[in-house]
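The values are calculated or read from the model by the stated rules, or taken from the named source; none is laboratory data. On a predicted model such as this, the values are computed, not experimentally measured, just so you know. Using ideal geometry, Cβ is built from the backbone for each residue, glycine included, and neighbour counts are taken over all protein chains shown.
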Amino acid sequence: MSFSFSRSACWVPLLLAGTLVAAPVAPTDTPASAPHPLRVVTSFYPLQIAALNIIGDTPGVTLRNLTPPLTGCLHDYQMSPADLVALAQADLFIINGGGMEAFLSQATRQLPHLRILNSGEGLEAPPTSPAAGNSHYWVSPALHLRQIARMADGLAAADPGHAAEFHRNASNYSARLSFLRDEMHASLGGIKHREIITFHEAFAHFALEFGLNIIAVIEPENGSQPSARELSQTIDIVRSHHIQALFIEPQYPAQAAQTISRETSVPVFTLDSCATGSVTPDAYLNLMRANLKTLREALK
Ligand SMILES: [Zn+2]
């Protein structure tokens, strides 16, 4: 398998006089016999890592990630003209779903034949859940396992000739993630302090899976700094709930958490939402294992 991060080096831009020309994407009903490799595009980092594992070294499949490696969550992502070009030439676009790809309607409007694999379909939390409306599915290992299974099925449907490889690779990767997940449940099951404060809403499904209670989010909307009043409310919550730790994410600035920490003497730890990192097959597993270590230390 090969993959590329260059935005347009190998895929010919279809820009004419500043106007986007959406190349008609032929329906790929018989892609196994297609003359060109199956071109898979993932929307962002966690799906790229999963696809890297599922595709493995399957011949005739290329993988690229649409958004730059440091993008993180796609809440505010604006699609570039080069992105549309990349999607115009994709045989399969793998998304997280649940509204994470805010640019999706723009993409499908321009590219009505774009074949989309929604890895988050069916993973929405019920309306009464604390994770209702939250699409950070991949941060929960249990939900990510379901994304991996759905991705393997979707890849197999797009390229039936390699279905066995996709399913075998997905099964191997899922076994490793399941093993880690079991270890996390065993390890976090006995933790005393279950109330946590996080930086953004990335951990709703994670907290649900591991029985943690997110009682405050320092910056509920990406990019917005909490006001002095919101900071002071969070400080009150930290004190009244005897919070043990504040959790920030490496992708976002830590000032607000540090202010709260100074006021309350509660330490700041880093939890990773696995939205950025190294592009290696084990990256998600390594980040999640580091999260386990952090939570054990922070909440003991
Ligand atoms: Zn997010």
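Hey, does the stretch 65-88 have a residue that's closer than 18 Å to P281 by Cα, assigned by TED's automatic domain parsing to the domain that holds A156 and either among the acidic types (D, E) or touching a strand residue (DSSP E or B) at 6+ places or on another chain (Cβ under 8 Å) (or both)? Checked against the condition, which is being closer than 18 Å to P281 by Cα, assigned by TED's automatic domain parsing to the domain that holds A156 and either among the acidic types (D, E) or touching a strand residue (DSSP E or B) at 6+ places or on another chain (Cβ under 8 Å) (or both), the stretch 65-88 yields at least one hit.
Count of the stretch 265-286 residues, restricted to those that are in contact with a Ser or Thr (Cβ under 9 Å, 6 or more places away or on another chain) and away from the ligand (no atom under 16 Å from the Cβ), is 4.
Given the criteria among the polar types (S, T, N, Q), away from the ligand (no atom under 15 Å from the Cβ) and surrounded by 19 or more Cβ atoms within 10 Å (Cβ to Cβ), does T128 qualify?
Details: among the polar types (S, T, N, Q): yes; away from the ligand (no atom under 15 Å from the Cβ): yes; surrounded by 19 or more Cβ atoms within 10 Å (Cβ to Cβ): no.
Criteria not met by T128.
For the stretch 201-253, the set of residues classified as in a helix (DSSP H, G or I), within 16 Å of the ligand (Cβ to nearest atom) and not aromatic (F, W, Y) consists of E201, A202, A204, H205, A207, L208, listed by residue number. A142 passes every criterion in (1) within 25 Å of L208 (Cβ to Cβ); (2) more than 16 Å from the ligand (Cβ to nearest atom); (3) part of a loop (DSSP other than H, G, I, E, B) apart from (3). Taken over the stretch 241-275, the criterion of being in contact with a helix residue (DSSP H, G or I) (Cβ under 6 Å, 6 or more places away or on another chain), within 21 Å of M184 (Cβ to Cβ) and polar (S, T, N, Q) is satisfied by S273 alone. Do we find that E165 is of a type in the set (D, E, K, R), at pLDDT 95 or above and surrounded by 14 or more Cβ atoms within 10 Å (Cβ to Cβ) in this structure? Yes, satisfied.
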